[in-house]
1. Cα centroid distance between the stretch 101-147 and the stretch 5-35, in Å?
2. By average Cβ neighbour count within 10 Å, what is the ranking of 166-172, 242-248 from highest down?
3. Given a 1.4 Å probe and every protein chain left where it sits, what share in percent of the accessible area of the stretch 175-284 is carbon and sulfur?
4. Stokes-Einstein at 4 °C, 1.567 mPa s, Kirkwood radius from Cα pairs: D for the stretch 1-122 in µm² s⁻¹?
5. Which order do peptides 74-84, 287-297, 36-46, 215-225 fall in by mean Cβ count within 10 Å, highest first?
6. At a Cα cut-off below 17 Å, give the lysines reachable from Lys69, other chains included and same-chain residues fewer than 8 away excluded.
7. Go through the chain and flag any cysteine with no other cysteine's C-beta closer than 4.7 Å, please.
8. Nearest 5 is fine: what % of DSSP beta bridges in the stretch 127-298 come out antiparallel, could you say?
Amino acid sequence: MLKGVNLKNPHLNKMPSDFLYHLNINVPNTADTSVIQKQFGDIVAVCAGGTSKRMRELAIYLRPILGIKDNSEPVDLCESGQRYAVYKVGPVLCVSHGVGSSTFSVVLHELLKLVKYAKCQDPVFIRIGTCGGVGVEPGTVVITKDAYNGYLKNEHEIPILGKRVVRPASFPDTLCQEILKYGAKSDDGFNTIIANTMSTDCFYEGQGRTDGAVCEYSDDEKMAFLKECQKKGICNIEMEATMFASLTQKVGVRAADVCVTLINRLNGDQVSITMHEKETFEQRPFSIVGRYIQHLLLN
Ligand SMILES: O=P(O)(O)O[C@H]1O[C@H](CO)[C@@H](O)[C@H]1O
Ligand SMILES: O=c1cc[nH]c(=O)[nH]1
């Protein structure tokens with residue numbers, strides 16, 4: 001049975017209007033959101049990823065999959081907001097979120113309010129990203145189950161009103177399994193796995209790299225940490241999963257994190273693949289998520 005989006009903020013019910021500042025979308029009357037419903041009410045999936053280029057390419061990639069005949073340049077609906085790119089292709093939004101949880105959380109709060117105002121029914125949020133692998137071949141696609149923070153805890157920690165607030169950070173298992181089942185094919189030419197993910201606030205020291213501007217640990221200590229990650233079932237490292245899992249889990253919206261590994265961190269720190277190779281790898285989560293969305297629309 002389909003369900004609407006219920007956010008966990010009683011203050012929203014008292015707001016006569018709402019301005020989604022970073023998207024530059026105005027909701028002038030929260031009691032009558034018919035204009036927003038008309039523009040966004042059909043959304044079934046919100047896909048997010050770091051760069052606007054990737055999200056524009058995803059929008060173009062999804063057109064034939066969704067049976068949309070359109071060769072025109074995708075329109076960035078939120079260009080005027082000057083922060084995030086938002087493309088709408090049929091019932092799918094493709095949104096850029098920048099690097100890390102802090103920039104993603106800003107647009108995620110606003111997107112969750114957008115789907116609520118638009119009265120979308122049970123939309124699924126999917127991050128389509130890149131990551132570092134831990135003990136898996138570069139090019140492997142990882143669907144995150146449990147998201148671990150940089151302390152190797154399966155939780156998201158955030159200061160709120162001067163206090164440390166800790167929230168669970170897991171993605172729904174059924175959705176992970178469905179994406180694997182309907183998205184991955186045995187002849188893809190690469191592996192797609194469900195595993196745990198470490199999500200950090202820092203690309204360098206936070207991920208145990210020794211090639212940042214500062215590093216106060218040895219190679220041996222770094223390797224010991226990466227082995228510790230492996231013991232927790234962590235196969236990849238990126239920078240948004242704990243925040244993404246915790247916020248969507250809190251509001252009961254289904255979400256998934258589907259990332260392609262660019263490097264095996266057991267073999268080094270530098271992401272040295274060419275931009276062309278990176279773009280080829282980035283297509284892999286497109287095909288997995290594209291097939292899953294196709295399945296979603298048929299059922
Ligand atoms: O490729 P995206 O989606 O940006 O994700 C990964 O790449 C960025 C770091 O290079 C971080 O945002 C990390 O999570
Ligand atoms: O190693 C990597 C590669 C991509 N993104 C990350 O966060 N880490």
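1. For the stretch 101-147 versus the stretch 5-35, the Cα centre distance is 22 Å.
2. Answer by packing, highest mean first, reads 242-248, 166-172.
3. 48 percent
4. The estimated diffusion coefficient comes to 87 µm²/s.
5. 287-297, 36-46, 74-84, 215-225
6. List returned: Lys88.
7. Cys47, Cys78, Cys94, Cys120, Cys176, Cys202, Cys215, Cys229, Cys235
8. Within the stretch 127-298, antiparallel bridges account for around 45 percent of the total.
The values are calculated or read from the model by the stated rules, or taken from the named source; none is laboratory data. None of the values given here were measured: they were computed from a predicted structure. In this analysis, Cβ positions are derived from the backbone assuming ideal geometry, glycine residues included, and neighbour counts consider all displayed protein chains. Quick note on the areas: whole protein, heavy atoms, side chains included, nothing else; ligands and nucleic acids left out. Shrake-Rupley method; radii C 1.70, N 1.55, O 1.52, S 1.80 Å.
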